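S.K.: One structure follows; several queries about it will come next.
Laboratory data are not the source of any read-out in this text; all were calculated from the coordinates shown. Just so it is clear, the model here is predicted, and its values are computed rather than measured. Quick reminder, even Gly has a Cβ in these numbers, built from the backbone with ideal geometry, and neighbours come from all protein chains shown.
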Amino acid sequence: MIATMPADILRFALARIEEGVDVALVTLTGIEGSSPRAIGAQMAVAADGHYVGSFSGGCIEAAVVAEAINTLADGQPRLVRFGVGSPYLDIRLPCGGGIDLLFNPRPDVRVIAEALARHDRREMAVLRLSESGVDVAAEQDRHPGTGWQGTDFHHCYAPALRIVALGQGDDLLALARLATSFGASVEALSPERRALTALTTEGYDAAELRSRTELPALMSDPWTAIIFLFHDRDWEEHLLPHALIAPAFYVGAIGSQRTQRLRLAALEAAGVSTGLRDRLRTAIGLIPATRDPATLALSILAQLVEEYRLVDSRSWISKAACNITR
């Protein structure tokens, strides 16, 4: 993985608490001007000074760690401004802005464990943070997203991006490798023995496509993207309609504009409804006319990550993954 993901902050906190080391959660709750990190960015700071997460390129982390350790000493949550308007005159953000950080010392281990359990079940996990402490938000509560709700700051931890990639050859291998390095959960499906051998040898989740007319059982949910990487359209003729009924936020297939027109015409001829045909993404990736597997993988992953971040989590809280079969 190339960088710390939001749930990793909680995993670090849980591990240290279970080791008997006090931890403080620190959350970015307000920004004045500009900031290197977005609202909801977090650090977890242990009493021994070790931490994960960041709020800048390294210019204020030492001060944040010192403040977090102070909160562990007195046990009092607090909201502290750094940068513009801060009482710490010697600490300035390079962007010239100001950020508000909420320090929550010694969160209950059961609360952190429950949030992670929900996240690992691919449910939306929401922590309610305030100057009174940390708790898991009730499932029946409506959560418009990470941010302040009255005197509470709600932090939403969406399930990790999941990519179901169907295809052959180096295009499939490149996407699986790059997406996994990013931190996505990847399931690769292929009829090609070479690709399957390479993927399984490298430890990826891979399964054989044995039928051109029936998808194997898949797990899909609103945080899942399904991408077809076949250059031979025979493999997608019957499989693509099944994928379009999945509760995924993205279903797409590579190909030229001519190929996409033929693909849509074939779906219409097969009786696939207009609503389902409209779900199919025909502009694949952010880099047009890619000609090599590595660039194609980067182009596709960038688009998937961009759209994953826009998934409307409010409609999907506490919905379990759906089992997709023929």
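S.K.: How tilted is helix 61-74 with respect to the longest principal axis of the chain? Cα atoms for both, answer in degrees (0 to 90, nearest 10).
M.R.: Around 60 degrees separate the two axes.
S.K.: How far, in nm, would the chain grow between residue 262 and residue 310 when pulled straight, counting 0.36 nm per residue and subtracting the alpha carbon separation?
M.R.: 14.3 nm
S.K.: Then there's this: With the crude spin-label approximation of a point 7 Å out along Cα→Cβ, what separation in nm comes out for residue 192 versus residue 270?
M.R.: Each label point is offset 7 Å from its Cα along the Cβ direction, giving 2.1 nm.
S.K.: Next question. Find how much the distance from residue 5 to residue 213 grows on full extension, using 0.36 nm per residue of separation minus their present alpha carbon separation; answer in nm with one decimal.
M.R.: 71.2 nm
S.K.: Okay, next question. Using Cα centres only, tell me the gap between the range 295-309 and the range 153-194 in whole Å.
M.R.: Taking the Cα centre of each part, the range 295-309 and the range 153-194 sit 11 Å apart.
S.K.: Could you work out the relative contact order of the chain? I mean the mean sequence separation of Cα pairs under 8 Å and 6+ apart, divided by the number of residues, in percent.
M.R.: Rounded, it is 14 percent for the chain.
S.K.: Using +1 at the Cβ of each Lys and Arg and -1 at the Cβ of each Asp and Glu in the chain, identify which of 217, 39, 267 lies farthest towards the dipole's positive end.
M.R.: Sorting the options by dipole projection puts first 267.
S.K.: Let me ask something else. Round to the nearest 10 and give me the degree value, 0 to 90, for the angle of helix 109-120's Cα axis relative to the longest principal axis of the chain.
M.R.: Around 20 degrees separate the two axes.
S.K.: Which of these values of Cα Rg over 2.2 N^0.38 Å was calculated from the structure shown: [x] 0.94; [y] 1.03; [z] 1.14?
M.R.: Given [x] 0.94; [y] 1.03; [z] 1.14, the calculated one carries the label [z].
S.K.: Using the alpha-carbon atoms, what tilt in degrees (0 to 90, nearest 10) does helix 257-269 show relative to the longest principal axis of the chain?
M.R.: Between helix and principal axis, roughly 70 degrees.
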